Amino acid sequence: MNKTSFQTAAEILKTEEFSAFAEAIRNALAEGGKVFFSGSSAAGRLGIRLERAWRKAVLSLQKKYPQAAARLEEKLDSIRNIDMAGEYSVIASPQCLSQSNIFGRGMMRANGVGLNRNNLFIAIDPAADTPSTLGSAHFVLIHLVPMYMLTCKAPVTELNRHTKEVFTHPYCRVLTAADLLTLEILCAVALESALWELCGDAKSFPGFDWFAAKLASMPSVKPLVYSGSTLCADEFLLDALCFAAEHPQYQVKNPNCETAEAWEHCFLRQPRCQDWPADFYQSLGFSNAQIQSLPNITAKGLLQIPIGKEALTDESALNVDALLDGYDLPETHMEIFRHLTVGLLLNSLTN
């Protein structure tokens, strides 16, 4: 993460391409549809964080705008992540799942995702060639559901049949940015604009230029100095878990509640995960060795991973929730600048 991503995002926010992307999200929600985010590994974890930020914002706005509480309640589940490993990806993402095009298609079918044409499907694929993400995208395109592919490089449509089928489909639009952090900002700002409209207060939305200006002037963070391996978090528990998924030398614990409650608080709902039997994977062509190598990515398996206060033994753990003390950050419904700054601070641990 670096300020270059902020500057790049600020430039893209001023473009017609981004305005069209944000409008597509607002239109889907206005027409009673849902917005699905799909991805694997880090891209999948981004979708999980976006869904959680949306849920928290909607719950908060119901109190702030009581006249819009019923309308907001209907939209609480309108943003949904579909990760290849489910919420288990905040712990680890099995590579064999992300490398299977057939699994991407089968996962969409098994999840029972409603393919209403009022929906919007957003596939996050930085490399523009991840087989499982292309498979999930192809599944929705054959049902003529509008979609966006978010990438960090121009797709090579002649790479294989799957990239060509997806990226040349008339229902597929592409938005490209330099890195995943930039894509995160673009998605969050687009969702922010939708929230203002749902509140019936669209005229008060500060505008994309306001976000661009704030991003361009983001203050530098002071790198963290911490030699331990335990991160404590409550408000930023999901941010810390997603960081640790990419830096497994760290463990994450919630100091305020026990594991079962911590996982529900992490997502602001019960974990969905992927509760599929072995014969489902066999039907998609996975070998017995591949199936046996998979961790327990079911909801039950995730809840067995101790992230609660009962498992906290390191009294010198780094308090992630306190990292923003002293930072004066712009306020948004999606808490965009708070999450970005926490991400910058956590990543400074590995620099």
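Read-outs: derived from the displayed coordinates by stated rules, not from any lab. Values in this document were obtained by computation on a predicted structure and should not be read as measured data. We place every Cβ from the backbone using ideal geometry, glycine too, and count neighbours over all the protein chains shown.
Looking at the range 1-77, which GluC sites (Glu not before Pro) are in a loop (DSSP not H, G, I, E or B) and have at most 16 other Cβ atoms within 10 Å?
Qualifying residues, ordered by number: Glu31.
Rank-order 290-298, 125-133 by packing density, defined as the average count of other C-beta atoms within 10 Å over each peptide's residues, highest first.
125-133, 290-298
Using the charge dipole of the chain (Lys, Arg: +1 at Cβ; Asp, Glu: -1 at Cβ; taken about the Cα centre), state which of Gln274, Ser316, Asn111 has its Cα farthest towards the positive end.
Positive-most Cα among the choices belongs to Asn111.
Scanning the chain for helices, which whole DSSP H stretches are 24 Å or more long along the axis (Cα) and average 0.0 or more by Kyte-Doolittle?
180-198
What ranking do 172-182, 234-244 get when scored by the average of other Cβ atoms within 10 Å per residue, highest first?
Packing proxy ranking, top to bottom: 234-244, 172-182.
Say the dipole of the chain comes from +1 at the beta carbon of Lys and Arg and -1 at that of Asp and Glu; which of Ser293, His138, Leu303 then lies farthest toward its positive end?
His138
Run through the range 280-334 and list the GluC sites (Glu not before Pro) located in a DSSP loop whose Cβ has at most 13 other Cβ atoms within 10 Å.
Glu315, Glu331
So how strong a dipole does the chain carry about its Cα centre when Lys and Arg Cβ are +1 and Asp and Glu Cβ are -1, to the nearest 20 debye?
Dipole magnitude for the chain comes out near 640 debye.
Let me see the pair-distance distribution of the range 230-350: every alpha carbon pair, 10 Å bin width, integer percents in order.
Calculated over all Cα pairs of the range 230-350, the distribution is 12, 36, 30, 16, 5, 1 percent.
DSSP loop (so not H, G, I, E, B), at most 16 other Cβ within 10 Å: list which trypsin sites (Lys or Arg not before Pro) in the range 68-155 pass both filters.
Here the trypsin sites (Lys or Arg not before Pro) that fit, given the DSSP loop and packing criteria, are Arg117, Lys153.
List the residues whose amide H sits under 5 Å from the amide H of Met147, counting only those 5 or more places along or on another chain, with H placed 1.01 Å from N in the peptide plane.
Placed amide hydrogens put Phe121, Arg173 under 5 Å from Met147.
Report the one residue of Met84, Ser217, Ser227 whose Cα lies farthest in the direction of the positive end of the charge dipole of the chain (charges on C-beta: Lys and Arg +1, Asp and Glu -1; origin at the Cα centre).
Towards the positive end, the residue furthest out is Met84.
Residue-wise, which Karplus ³J(HN,Hα) couplings in Hz belong to the range 309-318, taking 6.51 cos²θ - 1.76 cosθ + 1.60, θ = phi - 60°, and x for glycine or proline?
5, 5, 9, 7, 10, 9, 6, 9, 4, 6
Order 253-259, 58-64 from most to least packed using the mean count of other Cβ atoms within 10 Å.
253-259, 58-64
Identify all lysines with a Cα-Cα distance to Lys203 below 17 Å; exclude those on the same chain that are fewer than 8 residues away in sequence.
Lys64
What number, in percent, do you get for the relative contact order of the chain if the mean sequence gap of Cα pairs under 8 Å and at least 6 apart is divided by its residue count?
Once normalised by length, the contact order is 21 percent.
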